[in-house]
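Asker: Can you read through this structure? Questions will come right after.
Values in this text are rule-based calculations from the coordinates and carry no lab data. Please read these numbers as outputs of a predicted model, since none were measured by experiment. We place every Cβ from the backbone using ideal geometry, glycine too, and count neighbours over all the protein chains shown.
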Amino acid sequence: MLPSRRTFQIAAFAVFGLALSACSDDHPLNTWEPRGPKAQSELDIMWPVIWGIIMVVFVIVCLGGVALAWKNRVKPEDYDPDDLPEQVHGWFKGEIAWTIAPAIILVFVGVYTIIGVWDLEKKNEPAELDVMVIGRQWWWEYRYDVDGDGFFIDADGDGEIWGVDGLGADGPGGLDGDSDDIEWPLEYILDPDDVSTAGELVIPAGEQVDLYITSADVIHSYWIPRLNGKRDAVPGRYTTWSVEADAPGKYTGWCTEFCGLSHARMRMSAIALSPDDYKTWFENQEAPAAVPAEGTPEFAGRETFKNLCMSCHVIKDGDLQYNETEEGDPWRTSVPLIAKGAPDLTHFATRSSFAGAIYAQYRDINPDDDALDVNTYLDLPGNYRWNEAELRRWIKNAPDRKAAKYENQQGMLPFPQLQEEELNNLVAYLATLD
Ligand code: HEC
Ligand SMILES: [Cu+2]
């Protein structure tokens, strides 16, 4: 039976649509266009396997099939169901041959792959730049160890700096760890002095950056396809990975492990800057935020921030006392200044996107494309128009902009009670955080 006209139309439409989708010239998640040595080495494994093996086998099987069909063809009137071709059983030489040939192919691919994997696992010795990557529902946190004392502190005061299952003695920062001394959840052990950013991983171009990947809640997966493959972020464990970009640029990524409601809106990007620009960027991130002059709208915004936002967010300006301590909880009292489950906003205005890299922070920059001019990344607040409208919508009702069950401690609370003036002040204050 022939397919109906309708089926045919739908199929044609699907094929046409699929073909058209290849026409976009912007492929931010394209693994065939690596922009760093790690991603390149993965592609270098793929090509010989594709051309040297897959294509050869494909052609042999196709041509062989056609040739056999041609050779054994019969006219319909000559067709006799009892006239079978000669049956071959127990052909010893043949069986040996078609067992050994694939085995040789697999050994070849295997050796090639294992060498590649070793190369991918190679870390910088001694460590140059380590960044801790924390998956959270639904955004990525990046922590830079500023003072070189590791990413963690001795939160329970027992003399062990840290110890979380999954890390041996050569943990982040080279610290010794006792794996029985479990300091968890993460909020209590992260070093409050470190630089913490969200959404955009800023790195120097031309250098390998080692990542320590973990998760604060469920399993996520970190993936910047043009720089390297995927690596899972598992709560309670630390996995190492690394990225390196050949040249300055923006490289987009996406969480690739289903992690709940807003998984599809958990994005990230790596921003590679020239080493000099990176240094400037980092020095700025280390510096405390500016405190606005008293009596200004920005100062009023900071007061509102203290009242409504500080229970989750941190802005380090060397003055405010953050995260009011809870009576009788020694871990909390020992950790005054960390973002709990929310982005550290100390230098919020230096990012080009927010809320899991899905919204543009500046109106001339589209978070969906790679077109961000990294030469102006350091001047974002000066060179581009602030996306005030989106930020206002976010602060007023974040769960409406990005689905999250705040009653389950996911995401940000809505603030329907905010008066127009309070909102104006808050936004004005956030704009000063450059
Ligand atoms: C219940 C905790 C909580 C409170 C209270 C809270 N937030 Fe948030 N906020 C979050 C979380 C969680 C995120 C990350 C959400 C995401 O990206 O999916 C966030 C994200 C943000 C972002 C985007 C940051 C970035 O870099 O992506 C801004 C700006 C922000 N909040 C401002 C505020 C302001 C202003 C207030 C006070 C009016 C506030 N928040 C109160 C939890 C909170
Ligand atoms: Cu995720």
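Asker: Please compute the Kirkwood hydrodynamic radius over region 72-154, one decimal place, Å, based on all pairs of different Cα atoms.
Answerer: For region 72-154, inverting the mean 1/r across all distinct Cα pairs yields 20.3 Å.
Asker: So, one more: Which order do peptides 288-297, 373-382, 70-79, 350-359 fall in by mean Cβ count within 10 Å, highest first?
Answerer: 350-359, 373-382, 288-297, 70-79
Asker: Find how many whole Å separate the alpha carbon centroid of region 236-302 from the alpha carbon centroid of region 364-434.
Answerer: When both Cα centres are located, 14 Å separates them.
Asker: Something else now. Going through the cross-link list 250/306; 230/402; 279/316; 123/250; 230/316; 38/402, which pairs have a Cα-Cα distance over 31 Å in this structure?
Answerer: 250/306; 230/316; 38/402
Asker: Now for a separate question. Working out 0.36 nm times the residue gap between residue 117 and residue 408, then minus their Cα-Cα distance, what length gain in nm do you get to one decimal?
Answerer: 100.9 nm
Asker: Compare the peptides 112-121, 98-107, 129-138 by average per-residue count of other Cβ atoms within 10 angstrom and give them in order, highest first.
Answerer: 129-138, 112-121, 98-107
Asker: Right, something else. Compute the Cα gyration tensor for region 347-434, then decide on rounded, prolate or oblate, letting a ≥ b ≥ c be the square roots of its eigenvalues: rounded whenever a/c is under 1.5, prolate when a/b is larger than b/c in the other cases, and oblate in all that remain.
Answerer: It comes out oblate by the Cα gyration axes.
Asker: Using the per-residue mean of other Cβ atoms lying within 10 Å as a proxy for protection, in what order, highest first, do the peptides 221-230, 242-251, 256-265 fall?
Answerer: 221-230, 242-251, 256-265
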